[in-house]
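Input: a single structure, listed below in structure tokens.
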């Protein structure tokens, strides 16, 4: 085994690494040329076998460290006060969370799955999150994901114990939105994997500072989830449309906890989506 | 000894990724954060040569591709592989890399990586220009700053061993 490994290393090191370079470059190009279904399987296999367990371990270590720190802090206090403080803090957090959940539930009446973010894109463009809830917990593909501040994205791949969340800044996610004041409907997308851009009819009079919410069209996201505020309105190539920069309500890089709404896409629209090649 | 070196690199790889998904966010200034992964690739390519640079570049790129949009799969892998190879070649053939040269190569590697990535993903010229000015350039400068500190610490470590 060790010999085989050494043989491969020696082979790859030949000619100043040209062999290794050619091999890895070819592998990269193969991935680029592969059909979408193959790419999806490659990503799922890699995520499920290596990256999810590794990130879960790192995430759990972080959680353990936080608990240990809290423990040390608590030991310094009087036992009775410590108990009371702990209960009060827990109670307040629980209350705040329940308030939020109740508000969301009242509005949309779908069950909510609370989940922890265990991994995110290590690159410069954050487009995907991994959460620690999957099919086992009722999470399925195309379910909306949101935080206490607003919409986060949707589930693109649900495995048994974990799921992949496609963030709003993913260039492949296009979303129908509505401006809250004027009620005009447009669409939101990210063209560069970093900033959000909305296209709204020019006649609507949308200005900077206006609020965008989901329109409910498209069948995936229910109507009314806050998305973001209009930062700047620009003239687009089309005279009838205005292009605007949107500041999302939720800062995606600092997400620790998200909620998955157990809402499956409306069946008629899902059928239409499934028909697409 | 060689096996230990690989194990050490693997540990450093994991550490760099952990730093990238945790510390990099805390260090971000105006949404610009340093790229520990590319520092790792450049350091490995300089220390271990182009073959190791390619391997770890591909591994790091693939790890980033897993979380990128599926349509862009392979873009990071190709970019990072090329960077690992080029830096390794530069070090092996043309340069005796002292500290400033290492930092310069790090900046060059960052820009090459972004350039290839933008090219492969097929973003429009307008978007690329915008990303280049608002993300790549400040990110490159920040990464060079952090890289210079890490390279300096590494040089210091070597001196104490001698």
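Every number here is computed from the coordinates shown, using simple stated rules; none is lab data. This one's a predicted model, so the numbers in the text were calculated from it and none came from an experiment. As a convention, Cβ positions derive from the backbone with ideal geometry for all residues, glycine included, and neighbour counts pool all protein chains shown.
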Quick P(r) readout (segment B:1-47; Cα-Cα; 10 Å bins; whole %) gives 27, 45, 21, 6, 0
Here the averaged projected area of segment A:123-187, based on the convex hull of its alpha-carbon atoms and given in nm², is 5.5 nm²
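How many partner chain Cβ atoms sit within 10 Å of a residue's Cβ in peptide A:28-41, on average, as a whole number?
Numbers: counts 16, 4, 2, 9, 9, 1, 2, 0, 3, 1, 2, 7, 2, 0.
Mean inter-chain Cβ contacts per residue within 10 Å come to 4.
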In units of 2.2 N^0.38 Å, the Cα radius of gyration of segment B:54-108 is 1.30
Label model pair residue B:4, residue A:141: point-to-point distance (7 angstrom along the Cα→beta-carbon line) in nm is 4.9 nm
For chain B, the longest principal axis of the Cα atoms and the Cα long axis of helix B:99-121 enclose an angle in degrees, to the nearest 10, of 30 degrees
CD proxy, 222 nm, chain B: helix-only mean residue ellipticity via -39,500 (n - 2.57) per DSSP H run with n ≥ 4, per residue, nearest 500, stands at -25500 deg cm²/dmol
By the C-alpha gyration tensor axes a ≥ b ≥ c (rounded if a/c is under 1.5, else prolate when a/b exceeds b/c, else oblate), the shape of segment B:12-71 is oblate
Here the FRET efficiency for residue A:262 versus residue A:116, based on Cβ atoms and R0 = 25 Å and rounded to 0.05, is 0.90
Residue span residue B:27 to residue B:93: 0.36 nm per residue of separation minus Cα-Cα distance leaves a gain in nm of 20.3 nm
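What's the average, rounded to a whole number, of partner chain beta-carbon atoms within 10 Å of each residue's beta-carbon in A:50-56?
Working: counts 3, 5, 1, 0, 4, 3, 0.
Mean number of neighbouring Cβ atoms from other chains: 2.
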Here the gain from full extension of residue A:50 to residue A:183, 0.36 nm per residue of separation minus their alpha-carbon distance, amounts to 43.3 nm
Applying the gyration tensor rule to the Cα atoms of segment A:140-270 (axes a ≥ b ≥ c; rounded if a/c under 1.5, else prolate if a/b exceeds b/c, else oblate), the class is prolate
With segment B:9-162 reduced to its Cα atoms and the Debye formula applied, log10 I(q)/I(0) at q = 0.17, 0.18, 0.19 1/Å amounts to -0.99, -1.12, -1.25
Once normalised by the length of chain B, the mean sequence separation of its alpha carbon contacts under 8 Å that are 6 or more apart gives a contact order in percent of 22 percent
If each part is reduced to its alpha-carbon centroid, segment B:112-152 and segment A:190-223 end up apart, in Å, by 28 Å
For residue B:14 and residue B:132, extending 7 Å from Cα along the Cα-Cβ vector and measuring point to point gives, in nm, a value of 3.9 nm
In nm, the gap between the two label points placed 7 Å beyond Cα toward Cβ at residue A:41 and residue B:145 is 4.7 nm
Averaged over all viewing directions, the convex hull of the alpha carbons in segment B:75-158 casts a projected area in nm² of 5.8 nm²
